[in-house]
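First up is the structure itself, then whatever we jot down about it.
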Amino acid sequence: MSESLSYQLQANNLSCIRDDRVLFEALSFSLSVGQVLLLEGKNGSGKTSLLRILCGFREPDVGSLSLCGDAISDSSYIADLAYVGHLEGVKKELTVYENLKVSLALGQAGHYSIMDALDRVNLTDYDEVLVQALSAGQKRRLSLARLLITKNILWILDEPFTSLDRQGIELIEALMSEHCAMGGMIVLTSHHDLSIQGVDVQRICLS
Amino acid sequence: MSLANAFFAIIKRDLVLALRRRSEVANPLLFFILVITLFPLGIGAQPHLLQAIAPGIIWVSALLAAMLSLDSLFRSDFDDGSLEQILLSAHPASLLVLAKVIAHWLVTGLPLLIVAPLLAVFLGMSTQSLGILLLTLLLGTPVLSLIGAIGVALTVGLRRGGMILSLLVLPLYVPVLIFASNAVEMAGAGLPIQAQLNILVSFLLLAVFLAPWPTAAALKMSIN
């Protein structure tokens, strides 16, 4: 992936103001391929707001963002990112397979096929099961499987370890280091202490 | 190719969802049937009066049924985060929104068209106006879905957007109601209706091409 070596997420002087409260200001960082950015901070310190700014759902009140030179308003910025938020973004009346099929149609095919991705997140043989029959941890793993089946560079994860058991957490950490090794980058918030081997982790504490 | 894939994947997804949540789909249709069957009971044995107001009754009921069904257009996607994922797609959001509206019309608008002939006969409508009624419904109800989508997109983020939604959308529905019910009435009297039909066609074309953009923009604002 030589051409993706130039990929870089650059944030300049970001500020976010919500209901007259300054959540953060003059925040600058840059993230290169193979790196992880871990956002830390108290509840309400603006972690999720920052992630939503990175996704383009919110505009920063001040500052600018670019991913390898593309401004956030470009469609190529959006094409390169994948987001898993507080809400799983899966329909409970559809089966596991149908959900992933829709996600695949909305993006571009990635490294994993749907079945391989389900194997990877330990949901083998769940493909015909309705999502409403899954447990919270299984739903979370399903929404993370979405990251694997589509082609993307930047993963934006909001508390990805919520409702996962210890094996689940280890699994996600393995997937994250795999993604970084393949030339991806990750921005995440977590209260869980991150232990990813061989990956450069930047930390930003919002207060 | 992949845009067409995404477009049809969204339509298929919404149709499957509608099939698995039948009550949500059946509600507006049931409302439509109930309102129309109550009119003859309320008015009594006056077939000429009924016949005269039949186009109005059917169109007003169709309009209210369409409004009743609007909330389901984006509500569940908004609540479970699927809407975020759809808007994060690299495909143009306006086209994906159009796919959702088409699927919504197929499950809420098309059934009205199917039961309308039966109800029209029930109200004593003549055969020549029946054909025109179906034509106006075919042209008019997609316009209701498309215009309604803008209103829902604006209000889906509000906790109690129902009242605002009706206030926003109803004035925009009125032209469709006027021209459509007028066309059916005129057809019953044997008068030319080309003008009304042309206007309805132009409403439909305008709505198909212009409504998805503000809808997509409003959705982006709502998930903020």
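The values are calculated or read from the model by the stated rules, or taken from the named source; none is laboratory data. Nothing here was measured: the structure is a model prediction, and the numbers come from that model. Here the Cβ positions follow ideal geometry from the backbone for every residue, glycine too, while neighbour counts run over all protein chains shown.
A few points about this structure:
- Hey, B:Ala183 modelled with pLDDT of 90 or more, under 22 Å from A:Gly89 (Cβ atoms), part of a helix (DSSP H, G or I) and of a type in the set (A, V, I, L, M, F, W, C) or not: no
- Helices (runs of 4 or more DSSP H) enclosed by segment A:95-207 - at least 1 residues per element that are more than 14 Å from the chain's Cα centre (by Cα) and among the aromatic types (Phe, Trp, Tyr): A:96-106
- For segment A:32-65, taking the residues that are hydroxyl-bearing (Ser, Thr, Tyr) and buried (at least 17 other Cβ atoms within 10 Å of the Cβ), the one that is nearest to the other protein chains (Cβ to nearest Cβ) is identified as A:Ser49.
- Selection within segment B:199-224 - over 16 Å from B:Leu95 (Cβ atoms), under 19 Å from the mean Cα position of the chain (by Cα) and surrounded by fewer than 17 Cβ atoms within 10 Å (Cβ to Cβ): B:Val201, B:Ser202, B:Leu205, B:Leu206
- The set of residues from segment A:134-143 being touching a Phe, Trp or Tyr at 6+ places or on another chain (Cβ under 9 Å) and within 14 Å of chain B (Cβ to nearest Cβ) comprises A:Leu134, A:Arg140, A:Leu142.
- Here B:Leu98 fulfils each of the conditions (1) closer than 30 Å to A:Leu154 by Cα; (2) within 14 Å of chain A (Cβ to nearest Cβ) apart from (2).
- Within segment A:33-56, the set of residues being within 18 Å of B:Ile223 (Cα to Cα) and either within 15 Å of the chain's Cα centre (by Cα) or of a type in the set (Phe, Trp, Tyr) (or both) comprises A:Lys47, A:Thr48, A:Ser49, A:Leu50, A:Leu51, A:Arg52, A:Ile53, A:Leu54, A:Cys55, A:Gly56.
- Just one of (1) free of Cβ contacts under 8 Å to residues at least 12 places away in the same chain; (2) facing another protein chain (nearest Cβ under 10 Å); (3) closer than 17 Å to B:His91 by Cα fails for A:Asp70. It is (2).
- Filter result for the condition that a residue is hydrophobic (A, V, I, L, M, F, W, C) and more than 7 Å from chain B (Cβ to nearest Cβ), over A:Val84, A:Val102: A:Val84
- Flag for B:Asp77 being within 14 Å of chain A (Cβ to nearest Cβ), acidic (Asp, Glu), within 30 Å of A:Gln132 (Cβ to Cβ) and touching a helix residue (DSSP H, G or I) at 6+ places or on another chain (Cβ under 9 Å): yes
- Filtered residues of segment B:42-65 (kept if surrounded by 21 or more Cβ atoms within 10 Å (Cβ to Cβ) and either of a type in the set (S, T, N, Q) or free of Cβ contacts under 8 Å to residues at least 24 places away in the same chain (or both)): B:Ser61
- Of the helices (runs of 4 or more DSSP H) lying entirely inside segment B:43-125, those carrying at least 1 residues that are under 30 Å from A:Asp80 (Cα atoms) are B:75-80, B:82-87, B:93-108.
- For the residues B:Ser166, B:Ser69, B:Ser82, the requirement of being small (Gly, Ala, Ser), in contact with a helix residue (DSSP H, G or I) (Cβ under 6 Å, 6 or more places away or on another chain) and on the phi < 0 side of the Ramachandran plot singles out B:Ser69.
- Among the candidates B:His91, B:His104, residue that is within 14 Å of another protein chain (Cβ to nearest Cβ) and surrounded by 19 or more Cβ atoms within 10 Å (Cβ to Cβ): B:His91
- Of the candidates B:Leu34, B:Leu70, the single residue that is aliphatic (A, V, I, L, M) and buried (at least 17 other Cβ atoms within 10 Å of the Cβ) is B:Leu70.
- Candidates are the residues of segment B:1-41 that are in contact (Cβ under 8 Å) with a residue 40 or more places away in the chain and of a type in the set (Ser, Thr, Tyr); the one that is nearest to the other protein chains (Cβ to nearest Cβ) is B:Ser2.
- Top-ranked residue in segment B:102-137 [being of a type outside the set (Val, Ile, Thr) and within 10 Å of the chain's Cα centre (by Cα); ranked as farthest from B:Ala45 (Cα to Cα)]: B:His104
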